[in-house]
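Take a look at the structure set out below.
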Amino acid sequence: MKLLIADDQASLHTFLAKMMDWRSLGITEVIHAYDGKETLLRIGEMMPDLLILDIQMPFKSGLDLLKELDRPLGKPRTVILSAHDEFEFAREAMHLNVTRYLLKPVDVALLTRTLRELIASIREEGQALLASELGNAVRSLSASEDAAAAVGRSFRSLRIRQYAVLSAEGELPPVQSFGRELGGLDASLVAAVHPVSSRKYAILLGTTAEMTDERLLELCRLLAERWSAAMPGADASIGLSAAAREPERLPELCRQSEEASLQRFYSGEAVNLYEPHYFAADLRSMELHKYERAIAEKLAYGLQAESVTGVEAELFEHLRRQRLHPEKAYALVLRCIYAAGQALNGIKGDAADWEGITLGDLKGRKTADALERFLQELLSGFADPPREARLAGDTVRRIQRFVDRHYDQDLSLRRIAALFAIDKFQLSRLFKQELAINYWAYVMQVRVGKAAEMLVRTDMKNSAIAEATGFVDESHFSRTFKKLLDQSPRQYRQANKR
């Protein structure tokens, strides 16, 4: 933080040098000027963050000087030290956005407190500006000269010597807690956070001291460990760019952090440092399409799960060896699933739930290992070996009993799948296979059946029955009831009430 002291009395400069502890305030450079012209020159050359200014100076008064500086850029936070206790001076100073108007002789404690408040405010504004420019860089992956200049000014005021960009994803702590967490790891760290979404943050991590990429990587690993300790089971990851000094490289570092985050797909690590050319540029289409054909053929000929998943294992071994970009790997796996589902049309008696699987579902599997397990389970289910079928039938019957007894609870596919430790797509497919009805259609059938009983046996209002049978609201209950029974709840009660 730079401070310029502008006063024509040399004794004031000497007094402040003896009485003020600049370093403890975070002020690293103190510049001196003794008249108005010199002050303007020093401001232009040194771009100070703070200005202690006298009103009456040779060549140009402090107030006239401030009028020339009355523009958004390049104007330091100003504290006036004046011997003139006059209202007009104070009022004009306030109009010129002077932060504080203090009287001589100098009250050292008051000046120290004032400067500490101003420095804290400068830091907060600097971090807010960095967060804003970081958000712009993330959205556009480009930066104008003005944006780079604004980032550079914030770097100077925050004493940032170098920086990196982090892409954090998963279950993350509140934005407000980042400063405290990073300060606890290393006092030289300064962070600006832009929430891309509730589960993804872009973080500009600045350092006020020299720091290697390896040290930054170590700090990010410690940060990830703290998140895991605070939120057990949370799946959070960090992609870390290389370190840089130049503000204009911010968009480039944003791209690097995104790529580093994707490196987790093959590394399996929660924290990854950007490596150039980590992913393969591309693989030949024919080389990849052979896996789609092989999976489809084996399923079409009714081969056992071991044979089908053997092709899947070969596919993922190839992906890991070549490091196909995750986006292309997800697309390839989706094509394999569709090829498998199409091969089964007409062979099995029901439509497989492969049609409901989307690219977004696959991207929820953040690593190649997780994606492989998902595909393996899905293909094993398609192949339908006898022992697995018996286990699946038992699971479906247990889920059916649970729905029959707990129809008033949250029975969403995601919750039930988690409760019975089964993939939601597999649950949906097996339920239809075993009971010849879609899972959610069965839930609605049970709820409407229970509601019909209540309409006949009780005098409960529709709203109360809707709540008791697990419907979102009375409107949803009425629509579903009429759709299934071809009567409104009122008509049904009137027709069946004894």
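The values are calculated or read from the model by the stated rules, or taken from the named source; none is laboratory data. Because the structure is predicted, anything quoted here is derived from the model rather than measured. So basically every Cβ, Gly included, is an ideal-geometry build from the backbone, and we count neighbours across all protein chains shown.
Determine which single condition E434 fails, assuming it passes every other condition in (1) modelled with pLDDT of 90 or more; (2) assigned to a helix (DSSP H, G or I).
(1) is the only condition that E434 fails.
Rundown of residues vs (1) at pLDDT 80 or above; (2) in the same structural domain as A370 (by TED's automatic domain parsing); (3) touching a strand residue (DSSP E or B) at 6+ places or on another chain (Cβ under 8 Å), yes/no style:
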| residue | (1), (2), (3) |
| --- | --- |
| S307 | no, yes, no |
| G310 | no, yes, no |
| E314 | yes, yes, no |
| E317 | yes, yes, no |
| R320 | yes, yes, no |
| H325 | yes, yes, yes |
| A340 | no, yes, no |
| A343 | no, yes, no |
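Consider F425 against the criteria (1) under 20 Å from D394 (Cα atoms); (2) modelled with pLDDT of 90 or more: it satisfies all of them except one. Which criterion is unmet?
Tallying (1) under 20 Å from D394 (Cα atoms); (2) modelled with pLDDT of 90 or more, F425 fails exactly one: (2).
If we keep just the residues of the range 442-478 that are over 40 Å from the mean Cα position of the chain (by Cα) and among the β-branched types (V, I, T), which is nearest to Q494 (Cα to Cα)?
Taking the candidates together, the pick is V456.
Being within 43 Å of the chain's Cα centre (by Cα) and assigned to a loop (DSSP other than H, G, I, E, B) is the filter here; which residues of the range 1-53 pass it?
M1, M20, D21, G26, I27, T28, M47, P48, D49
All but one of (1) modelled with pLDDT of 85 or more; (2) farther than 25 Å from S61 by Cα hold for R139, so report the exception by its number.
(1) is the only condition that R139 fails.
Taking M46 and the conditions (1) surrounded by fewer than 16 Cβ atoms within 10 Å (Cβ to Cβ); (2) of a type in the set (A, V, I, L, M, F, W, C); (3) under 24 Å from L103 (Cβ atoms), which numbered condition does it fall short on, given that it satisfies the others?
(3)
Criterion first (within 24 Å of R398 (Cα to Cα), touching a helix residue (DSSP H, G or I) at 6+ places or on another chain (Cβ under 8 Å) and among the aromatic types (F, W, Y)) does F471 satisfy it? Break it down into steps so the answer makes sense when it comes.
Details: within 24 Å of R398 (Cα to Cα): yes; touching a helix residue (DSSP H, G or I) at 6+ places or on another chain (Cβ under 8 Å): yes; among the aromatic types (F, W, Y): yes.
Yes; evaluated as a whole, the condition is true for this residue.
Of everything in the range 464-478 that's outside any helix (DSSP H, G or I) and under 13 Å from Q409 (Cα atoms), which residue is modelled with the lowest pLDDT? Walk me through it before giving the result.
Restricting attention to the range 464-478, the residues satisfying the condition of being outside any helix (DSSP H, G or I) are 469-473.
Filter again for under 13 Å from Q409 (Cα atoms), leaving 469-472.
Working: T469: 93, G470: 92, F471: 91, V472: 85.
Only one residue fits best here, namely V472.
Would you check if there is a residue in the range 152-171 being part of a helix (DSSP H, G or I), modelled with pLDDT of 85 or more, in contact with a Phe, Trp or Tyr (Cβ under 9 Å, 6 or more places away or on another chain) and over 23 Å from R264 (Cβ atoms)?
Yes - at least one qualifying residue is present in the range 152-171.
Within the range 453-498, which residues are in contact with a Phe, Trp or Tyr (Cβ under 9 Å, 6 or more places away or on another chain) and loosely packed, with under 15 Cβ neighbours inside 10 Å?
Those that are in contact with a Phe, Trp or Tyr (Cβ under 9 Å, 6 or more places away or on another chain) and loosely packed, with under 15 Cβ neighbours inside 10 Å: V456, S463, S488.
If you check E171, E133, E210, E145, which single one turns out to be surrounded by 16 or more Cβ atoms within 10 Å (Cβ to Cβ) and either more than 16 Å from Q256 (Cβ to Cβ) or in the same structural domain as E258 (by TED's automatic domain parsing) (or both)?
E133
Answer with yes or no whether K348 is within 30 Å of F471 (Cα to Cα) and either at pLDDT below 90 or assigned by TED's automatic domain parsing to the domain that holds T469 (or both).
No.
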